[in-house]
Every structure is written in structure tokens, then in C-alpha cells.
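These notes concern the structure reproduced below.
Coordinate-derived values only; no laboratory data. Small disclaimer: the values here were computed from a predicted structure and weren't measured. All Cβ positions, even for glycine, are placed from backbone atoms using ideal geometry, and neighbour counts span all protein chains on display.
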């Protein structure tokens, strides 16, 4: 993370190509997230034998993967994907503020300035999540 202002850090986003180097391709990740969302909402039975051991961690993993997917899509440009990436990143931040023990990266969202947005936070958390073996999935 980079500079500070009033005790809040302005994050230096990890380089997206490095963070997402081993991520599933966009189409596969989109299909997996749609299936997880349907299981989560009760629209589809999941492959598991019941609810996840830690539903809060599972919800966070879903939010993080969705925010990372939108971030990856926004890297291609266009205002639609950029707006979706900003919205899903903010949803992850709201979740992490309610459950600070699940934050995996070095900077908690309370310590980060939101400008130019929360996408650098998503990259930080995705990198930490994959390094930790993708907990909650």
C-alpha cells in the first residue's frame, strides 16, 4: 500500500495481470458464480451435503470472486463493466467492515481511502485469498 492521508492509506493496487494470472477464465468463473449464487439463494441444490461450515466466510468468498470477476471484466474498458466493478467492490467492502476478521490482506477497508475506488482493495484481497488456498469455497 502507498501514501497516507489523515491516517488512511491510498492503496497501490497489486498489478492485475499478476493478481489474476491463475484465475479461472472469465466464462468459467462466471458460470461457477452463477451456480453458487443459485445455491446461495435456494434456486438450485448444491453439490455439497448441506450448508457450508462457515456461511459468513462462504458469503465473503462469493462476494470476493464476484468483485474480482467484475474487476477483470472492467479491465477491458467500457463504462458498464467499470460501474459494475465499482459496485461489487463496494459490496465486498461493506461485508468486510461487518466481518473484519475475514480480511486477509494487509490493509483493512477502514484504513483505505476509497478514491479512486475500491477495486485496488479487491485485488489485494483476491491475491491474499488465493495465497491462502481460497478459504470459504
*For the residue pair residue 26 and residue 110, what label-to-label distance in nm results when each label sits 7 Å from Cα along the Cα-to-beta-carbon direction?*
3.7
*Rounded to the nearest 0.05, what FRET efficiency do residue 134 and residue 94 have when you use their Cβ-Cβ distance and R0 = 25 Å?*
0.70
